[in-house]
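Trainee: Please read through the structure below; I'll follow up with questions.
The values are calculated or read from the model by the stated rules, or taken from the named source; none is laboratory data. Note that the structure is predicted; figures quoted are calculated from it, not measured. All Cβ positions, even for glycine, are placed from backbone atoms using ideal geometry, and neighbour counts span all protein chains on display. Side chains included, ligands, DNA and RNA excluded: accessible areas come from the protein's heavy atoms. Shrake-Rupley method; radii C 1.70, N 1.55, O 1.52, S 1.80 Å.
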Amino acid sequence: MIHILKSVKKLRPLINNNNKLFFSSSTTTTTIIKKPGIFNKSQNIYDKPLRRVFFNVPGSDKRKIDKSLALSDTIDSIVLDLEDGVSVNRKQEARDTIQKAVVEESFGKAEVLIRVNSVDSGLLEDDIDMIGKISSYIDGLVIPKVEHPDHLIYITQLLREKCGESNANNLKFMACVESAISLINLKEICNYNEKMNSSNNNNKSQLNALIFASEDYCADTGITRTPTATELLYARSSVVNHAVANGLQAIDMVCINYKNSEVLKKETHEGVQLGFHGKQAIHPNQIDIINQSFRPSLEKFNFATKIVEQNEIHQSQGKGAFEIDGKMIDMPMVKWARNILSIENFYPPRDSEEIEQQQQ
């Protein structure tokens, strides 16, 4: 918002040395006051679809793609992989398999994403050629090894050339954080669109999420991976904070110990505590555990419901802060409660048996 204070010409009566009256004019200057925009975009996260399970499938493996189709009702995002999950000598086979699958098969309610090869790989351009033929059948791209905003700008330009600007702009981007330089450049990466030059000023960001790739990050930094994952706390927290500040979702690392459900539960619970919105998965056995881990507990849901209801009552009475169950509630807590309820809305209603089990 811009407020303009207009210049005003004023006549001021004066008397000279001969006692004659005359008028002197003075003019105020024009001042333009620009109100700052909204810098905190965290609430934009809740306008995005749930991405609790980010399920990776090798694009060259038709059997695994078929398996993911059968599970699509329980998966938020299916990622058809052209990168690390596919050997170099099978890249074209993977492109052909993915192209056929997205055109001929139904992925149900799942979001369909393609993980392309990195900008520096020499393979990306062929991936984009294929995507140009099927852009209307997919929802977006997972972009690995994003280390600078120029990587996202380059991919945007390739897509507009191959898909046409309208189709290209409809694709969502999920950027993978895999190195120390990527972590350092996250602020600029999250705002890559501000660097773009467009003839029609169509520079709207297509970035929807940041994905933390723990094993690649450890390989890049030399960090020793341990069962506690405390060595990754800084990187994981940094990804979450940059994502939330820019209205993006944060997707946590893969649990590589996929056969151990207890390890997965612990790791997913830690991710929820850190503020992640979803987690990568590589095996069907991980899906249900991840889904349920990201659902607010019944206790948390009931408390959030009570906060929102009581806030409406107290606001109507002209009161700000109030007390519930011995806890002081103010606007940050009300904001937290609304976020909890927005997540819960994506889940089916809890049945009475489930409620009884959680109350015991």
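Trainee: For segment 98-142 and segment 208-228, what is the separation of their C-alpha centers, rounded to whole Å?
Mentor: The distance from the Cα centre of segment 98-142 to that of segment 208-228 comes to 25 Å.
Trainee: Follow-up. For segment 150-296, take the convex hull of the Cα atoms, compute a quarter of its surface area, and give me that in nm², please.
Mentor: Seen from a random direction, the Cα hull of segment 150-296 projects 9.7 nm² on average.
Trainee: On to the next question. So what are the ³J(HN,Hα) numbers for segment 77-83, from phi and the Karplus equation (6.51, -1.76, 1.60; θ = phi - 60°), rounded to whole Hz, Gly and Pro as x?
Mentor: 9, 9, 9, 8, 8, 10, 9
Trainee: Taking the Cα centre of the chain as origin, sum charge times position over the Cβ atoms of Lys and Arg (+1) and Asp and Glu (-1), and report the length of that vector in debye to the nearest 20.
Mentor: Dipole of the chain, to the nearest 20 debye: 2200 debye.
Trainee: Same structure again: Taking only protein heavy atoms and a 1.4 Å probe, what accessible area per residue, in Å², does the chain have with all protein chains in place?
Mentor: Values: 19580 Å² over 360 residues.
With the other protein chains kept in place, the chain gives 54 Å² per residue.
Trainee: Rounded to the nearest 0.05, what FRET efficiency do Thr228 and Glu161 have when you use their Cβ-Cβ distance and R0 = 51 Å?
Mentor: Efficiency for this residue pair is about 0.65.
Trainee: Quick one: length gained pulling Asp150 to Asn285 fully straight, 0.36 nm per residue minus the C-alpha distance?
Mentor: Going from the current span to full extension adds 44.9 nm.
Trainee: Sticking with this one: Which whole-angstrom value gives the distance between the alpha carbon centres of segment 297-334 and segment 77-93?
Mentor: Each part's Cα centre sits 48 Å from the other's.
Trainee: Provide the descending list of Cα extents for the chain along its principal axes, expressed in whole angstroms.
Mentor: Computed over the chain, the largest-to-smallest principal extents equal 105, 58, 42 Å.
Trainee: Still on this structure, I have one more. Compare the Cα positions of Leu264, Ile282, Gln206 along the charge dipole of the chain (+1 at Cβ of Lys, Arg; -1 at Cβ of Asp, Glu; about the Cα centre) and return the one farthest towards the positive end.
Mentor: Looking along the dipole axis, the top candidate is Gln206.
Trainee: Ignoring ligands, DNA and RNA, please state the percent of accessible area on segment 245-336 from carbon and sulfur, probe 1.4 Å. Walk me through the intermediate numbers first.
Mentor: On the way: 2470 of 4790 Å².
It is 52 percent, rounded to a whole number.
Trainee: Among Gln292, Asn191, Gly164, flag the residue with its Cα farthest along the positive direction of the charge dipole of the chain, charges on Cβ as +1 for Lys/Arg and -1 for Asp/Glu.
Mentor: Ranked along the dipole, the leading option is Asn191.
Trainee: Could you give the length gained by full extension between Glu104 and Ile33, i.e. 0.36 nm per residue of separation minus their alpha carbon distance, to one decimal place?
Mentor: 19.9 nm
Trainee: Let me ask you something else. Within the chain, what percent of beta bridges assigned by DSSP are antiparallel, to the nearest 5?
Mentor: Restricted to the chain, the bridges split so that about 30 percent are antiparallel.
Trainee: Taking the Cα atoms of segment 73-180, report the difference between the largest and smallest coordinate on each principal axis, in whole Å and largest first.
Mentor: If we take the Cα atoms of segment 73-180, the spans are 36, 32, 26 Å.
Trainee: Regarding segment 299-355, what's the average projected area of the Cα-atom convex hull, expressed in nm²? Walk me through the numbers on the way to the answer.
Mentor: Numbers: hull surface 17.3 nm².
Taking a quarter of the hull surface, the average projection is 4.3 nm².
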